[in-house]
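Each remark here refers to the structure printed beneath this line.
The values are calculated or read from the model by the stated rules, or taken from the named source; none is laboratory data. As the structure is a prediction and not an experimental result, all values here were calculated from the model. Don't worry about glycine lacking a Cβ; one is built from the backbone with ideal geometry, like all the others, and counts go over all protein chains shown. What goes into the accessible areas is simple: the full protein's heavy atoms, side chains included, and nothing from ligands, DNA or RNA. Shrake-Rupley method; radii C 1.70, N 1.55, O 1.52, S 1.80 Å.
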Amino acid sequence: MAEPLRIALAGLGTVGAGVIRVIEANQALIARRAGRPIEIVAISARDRNRQRGVDLSRYAWEDDMVILGEKPEVDVVVELVGGSDGPALACARTTIEAGKSLVTANKAMIAHHGLELAAKAEAAKVALKFEAAVAGGIPVIKGLREGAAANAIERVYGILNGTCNFILSTMEDTGRDFADVLAEAQAKGYAEADPAFDIEGTDAAHKLAILASIAFGSKVDFRSVDTAGITRLRAADIAQADALGYVIRLIGMADTEAQNGSNRLFQRVQPHLVAFDHPLAHVDGATNAVVAEGNFSGRLLFQGAGAGEGPTASAVVADLIDIARGELGAPFSVPVAELEEMAPADTGHRQGRSYIRFMAADRPGVLAEITAALRDAGVSIESLIQKGRAGDAEAVMVSMVTHEGPESAVRKAIELLDGSSALSEPPLVMHLLGN
């Protein structure tokens, strides 16, 4: 058998410890599939004395993770520290510049610096792989880059954040409000002590930007992702959606369209109403799911655990097996120089139906003011529900679903109501996900 692939691990948290467990438990199987053994030779983490449930005594310890890639006995560095900049980025740059391959689960770093790192990797003729950065153990990057390589991908979308999906599906099952379920998610380890990246949509936006680049051959453009999280959702919104035949899910969606003679990139992360008969409506708990629509393959659904020790470590080791086999390839499917720079798409003309929720003063004329603004903006109402005041609340909830029409009309209606004394907070708009 060929010489072992020697790896260094930077970061020994949940996923790092999981990588050690996977390699130790499946050592013989991995060697057969990779064509040679994969061996850990060096490790690094912030806390040398922390108990991680794995035996680290056989591995060389480095206090400075940045120098792992410069060690002559290391072939590949696995970066599992996280963060878009700082030590993680320094480690990645040093590794690739030293002519070593890099595997990472760091979606923030890839979303912000992936093009730079990919260009360095292509120049150095080494691998940059990041399957674990998107959707944990689901092989969606490999699926798009390899399995669907013969297709023009027309749209990619899905549930990209397990924390939000756990919160929304639990609200759905229990009728409890957002803050209460968030506290449970934190207690169970599904949400961080500071959950902002998850619940405000940033984590899903990082992942969507990566998927869009691979799907459409475009340059990664995280800053242009139109992002909204789930913090404004109420239990009443979940109940209203259910009554209308929908569930609410945080959906990341991307596609391309020709505008003004060039391709434009549409990227959005927002809560959507998803019809009961859509495959994504049945994805609950901390599960992730991604749908890709190819012009010959049709709809492809990738579903599974989007986070956690085992699934994410599995994706990391799968990347290592590819490197052991000598499978390098362009990190974003095509060489960086051939990735298309697409301007953000203008979304005003996009057609669809919307759910709009107003918290309105309980007095005569308020509903007429709302409907007049919608009329003047050219928005047609399909259904409308008004709830009475709950307890001592001063506002009532008015929610409606529009007929299909341009998004610009809904935006205009919201602008017409801006500053109205009839509303206690800005309206909440969610789009309906079509089949």
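Stretching the chain fully between Arg299 and Asp362 yields a gain of 18.1 nm (0.36 nm per residue, less the alpha carbon separation).
The charge dipole of the chain, taken about its Cα centre with unit charges on the Cβ of Lys, Arg, Asp and Glu (plus for the first two, minus for the last two), comes to roughly 640 debye. Distance between the modelled labels on Thr347 and Ser408, one decimal in nanometres: 1.6 nm (7 Å Cα→Cβ projection).
The candidate values are [x] 44, 24, 18; [y] 33, 26, 21; [z] 138, 30, 14; the one derived from this structure for semi-axes √(5λ) of the Cα gyration tensor in Å carries the label [x]. Here the Karplus relation 6.51 cos²θ - 1.76 cosθ + 1.60, evaluated at θ = phi - 60°, turns the backbone of region 86-103 into coupling constants of x, x, 4, 5, 4, 5, 4, 4, 4, 4, 5, 5, 7, x, 10, 7, 10, 10 Hz, with x for every Gly and Pro. The phi-based Karplus calculation (6.51 cos²θ - 1.76 cosθ + 1.60; θ = phi - 60°) puts the 3J(HN,Hα) values of region 367-375 at 4, 5, 5, 5, 5, 5, 5, 5, 4 Hz, whole numbers, x for Gly and Pro.
Couplings 3J(HN,Hα) of region 182-190, computed from phi: 4, 4, 5, 4, 5, 5, 8, x, 7 Hz, in residue order, whole Hz [Karplus 6.51 cos²θ - 1.76 cosθ + 1.60, θ = phi - 60°; x for Gly and Pro]. The gain in end-to-end length when the Glu382 to Asp47 segment is fully stretched comes to 114.8 nm, 0.36 nm per residue minus the alpha carbon separation. Surface composition of region 43-104: carbon plus sulfur atoms hold 43% of the accessible area, using a 1.4 angstrom probe and ignoring ligands, DNA and RNA.
Residues whose amide H comes within less than 5 Å of that of Ser383, counting only those at least five positions distant or on another chain, are Val401 (H built at 1.01 Å from N in the peptide plane). Relative to the current alpha-carbon distance between Gln186 and Asn263, full extension at 0.36 nm per residue lengthens the span by 23.6 nm.
Among rounded, prolate and oblate, which fits region 19-127 when a ≥ b ≥ c are the square roots of the eigenvalues of its C-alpha gyration tensor, a/c under 1.5 means rounded, and a/b larger than b/c means prolate? Oblate is the answer for region 19-127, as a/c is 1.5 or above yet b/c matches or exceeds a/b.
Each DSSP beta bridge with both residues in the chain is either parallel or antiparallel, and the antiparallel ones are about 65%. Rolling a 1.4 Å probe over the protein heavy atoms gives the chain an accessible area of 42 Å² per residue. Our helix-only sum for the chain, with -39,500 (n - 2.57) per DSSP H run of n ≥ 4 divided by its residues, gives a mean residue ellipticity at 222 nm of -10000 deg cm²/dmol.
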